[in-house]
Structures are given as C-alpha cells and as structure tokens.
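Asks: Sharing a structure below in structure tokens format, with a few things to ask.
The values are calculated or read from the model by the stated rules, or taken from the named source; none is laboratory data. Keep in mind that what you see is a predicted model, and the values were worked out from it rather than measured. Every residue, glycine among them, receives a Cβ derived from its backbone with ideal geometry; neighbour counts consider all protein chains shown. Just so you know, the surface numbers come from the protein's heavy atoms only, side chains and all, with ligands and any DNA or RNA stripped out. Shrake-Rupley method; radii C 1.70, N 1.55, O 1.52, S 1.80 Å.
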Amino acid sequence: MKALLRMFCWMVLAALVAGPAFAAALGTGFTYQGQLILSGSPVNGTANLRFSLWDAAGSGSPPVGGNQIGSSQVLANVPVAGGMFVALLNDTGAFGPSAFKGDARWLQIEVCADPACTARTVLAPRQPVTPAPYASYSAGPWQTVGSNLTYSGGLVGVGTTTPQAKLHVVGGDLLAGLAGEEWIFHTRSAFGGDFLHITDLNGGVPQFQHGLILTQAGRVGIGTTAPTAALEVRGDVKLGSSGQYYSPGGAENLRIIRGSIGVNGEIVAGSGFQVSHTQTGRYQVTFDSPFAGLPSVSATAHYSIFLVTTLPNTGGVVIDLWFDSSLESASFDFIAIGPR
C-alpha cells in the first residue's frame, strides 16, 4: 500500500477553556489534521494510524535517525473523509513530560493494516511540530516569565493529588528541625512581612496556625501582626518537655540574675556577675551590666546563718552574713530582680 500524507502543518489545542481565564487547567493533548492519499485518490472510510514524536527530522523513506520522545500512540478506526482526518494526540501524555520543552520536535505517522498496528507503513517525511502545542503550555496555567516559572491556575500539590492551599507539600522534612507528614504554607504581605501558616493535617488538628509573622525589620511576632521587639508574644508561653511550665510575665521590663557563691567568694553557679570576698562574712557582688534601677535582692545562706543585704548602687550589692552578733563567712545563694 502506497500512501501519501499531506500535512496542513498546524495543530490546535484539544482542551479549550470556557468561561473566565483559568476556569479549568489545559490538558496535554492537541489535535492534528492531515490528509491521506492512496494511489492518487483521497481515502474515504476509516484508517488505523500510529503516531510517534522525534527530536530530529531523520532522513530517507522510511525516515531514520534521531531519538523517539516518549511512547507511540495508536489510533484505530480514525474517520477519513475526502482524505481528511483529525486525530487527538498526547491527550493521555503518551509523549511523556519532556515532550515540549522548547526543543524542535517532529511527528512520525504510520498507516497500519490492522487496529493493533502489527503491520504498518511509515510515511515520509516526518512532519515538524508547529508552535501550537508549545503555545498550549506557555498559555496554560504554568508560565515562564524570564527565568521564573509561575502558576496561577489553581492549587499545586507535591506528593498529593488533592492540594488544599496554593502550595501543599506532603511528606519529608520541610524545615530544618521541623518534621511532619503534611504541611500547608501561605505567604502573605498584608502585614508588611511574610506570614507563615503551618498546619498538621493528620487528624485535622492544627499544630501551628495563624499568628507567626516575620517583618522586614527582622522582628518576629506571635499572636500579633505588628511586633515592636525582636520577639513579641501575645499570650501565654509554656516551657518544658510537656509544656508544664509557664514563662513569667510582668508589666515591667525586668532582668533576673541568680547565683550560688562558695565560702571563699568563688562562683559555684550563675553568670552575669562577679564576686569579691572583701572581709570575713562580707561579699561584694558586682553585675556585669548594671540595673537601670535599684534591684530587689534576696538570699539564702547555708547553716541557717542570718543574712543581711545592702544596696549601695545599681551596679552591685554588698551581702553581709551574720551569725549571732558577728560576721561569718559561708556559702550562700542569691537572686536579684530589677529593671533593665
């Protein structure tokens, strides 16, 4: 059988979008129109056709050379009238995800003697693919703008076929030190910064949601969209392995320094201060950063030694340890709380 294919050299989108832009995502399919001539006469009836995509035009008849892209697609009993036929190609993605990435492509058509295409005749030459299939990609929801790839047609799912946000990623460690099964990320600029929304979808219980903002000034707000400090939290703060402790709060901006002092004035525990043992039973505690105002100091001495504290200035305190009516040296603990 000698057949001649006349190619009109244009292809149109197989999936047209009705209604507003991006009302439905474009598919991968496109229609192909050609004409079959057998022994000088147009074919009428049906034809079994086999299509394949190639990265080169090839040479000879049948054409050889180049590499096939993806798999072949067989269409049985395609209606042909006056030699004209229309075929829907790549609607199931037979040509693969790398079919149209901007490189030149050629379509090879074969006429088959049976619907299974066990015997076929390769038509020559291969037909160059015109820009229409590429347009279906560039005009679709995925678009390239310079070196950026954008999508505005709906939701994007990675590891899920049912995304619930603009970007929905399932599985893996998504942030350093933060592991999870399913997470949703939102980026918002309404508050002058990036709004991070993390939801654990296992069981539908939110693990962290609505309330963390990082401003352009480098401030972090939890429960507030306008933090005024490096970290501002609106609400209670829990600590501990099971959240069994509450962080203390106060109306003032306070600083706390505590320490344990040995009998000879050595620092056993604590930081942010220095100690000198000036005489028997007397210890001078000097703070590395002075308090803004007079701190409140309390202490506990070992062996039930009575404790007296004096506050000469905001940069330190003098602690006298009395036993009966005389100063005695001993180890003790202290805590100082005062304004910054």
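Asks: Here are some conditions: (1) modelled with pLDDT of 85 or more; (2) over 30 Å from ASN253 (Cα atoms); (3) not polar (S, T, N, Q). ASP324 meets all but one. Which one does it not meet?
Replies: (1) is the only condition that ASP324 fails.
Asks: Counting only residues that are modelled with pLDDT under 75 and among the hydrophobic types (A, V, I, L, M, F, W, C), which one in segment 124-148 is least open to solvent (accessible area, probe 1.4 Å)?
Replies: For segment 124-148, the residue satisfying everything is ALA132.
Asks: Tell me which residues, restricted to segment 217-247, are among the β-branched types (Val, Ile, Thr) and open to solvent by 80 Å² or more (accessible area, probe 1.4 Å). Spell out how you get there, then give the answer.
Replies: Looking only at segment 217-247, we keep the residues that are among the β-branched types (Val, Ile, Thr), and these are 220, 222, 224-225, 228, 233, 237.
The one that is among the β-branched types (Val, Ile, Thr) and open to solvent by 80 Å² or more (accessible area, probe 1.4 Å): THR228.
Asks: I've got another one for you. Can you tell me which residue among ALA87, ALA99 is in contact with a strand residue (DSSP E or B) (Cβ under 9 Å, 6 or more places away or on another chain) and either part of a strand (DSSP E or B) or open to solvent by 30 Å² or more (accessible area, probe 1.4 Å) (or both)?
Replies: ALA87
Asks: Which numbered condition trips up ALA113, out of (1) of a type outside the set (Val, Ile, Thr); (2) modelled with pLDDT under 75; (3) within 25 Å of ASN77 (Cα to Cα)?
Replies: Every listed condition holds for ALA113 apart from (2).
Asks: Here's another thing I want to ask about it. Taking the stated definitions as given, is GLY159 out of contact with any helix residue (DSSP H, G or I) (no Cβ under 8 Å at 6 or more places or on another chain), at positive phi, at pLDDT 65 or above and open to solvent by 50 Å² or more (accessible area, probe 1.4 Å)? Reasoning before the result, please.
Replies: On the way: out of contact with any helix residue (DSSP H, G or I) (no Cβ under 8 Å at 6 or more places or on another chain): yes; at positive phi: yes; at pLDDT 65 or above: yes; open to solvent by 50 Å² or more (accessible area, probe 1.4 Å): yes.
The answer is yes for GLY159.
Asks: With farther than 30 Å from SER147 by Cβ and crowded, with 19+ Cβ neighbours inside 10 Å as the only criterion, which of VAL74, VAL111, VAL78, VAL64 stands out? First the steps, then the outcome.
Replies: Details: VAL74 fails: crowded, with 19+ Cβ neighbours inside 10 Å; VAL78 fails: crowded, with 19+ Cβ neighbours inside 10 Å; VAL64 fails: crowded, with 19+ Cβ neighbours inside 10 Å.
On inspection, the qualifying residue turns out to be VAL111.
Asks: For segment 232-265, enumerate the residues that are within 29 Å of the chain's Cα centre (by Cα) and hydroxyl-bearing (Ser, Thr, Tyr).
Replies: Of everything in segment 232-265, those that are within 29 Å of the chain's Cα centre (by Cα) and hydroxyl-bearing (Ser, Thr, Tyr) turn out to be SER241, SER242.
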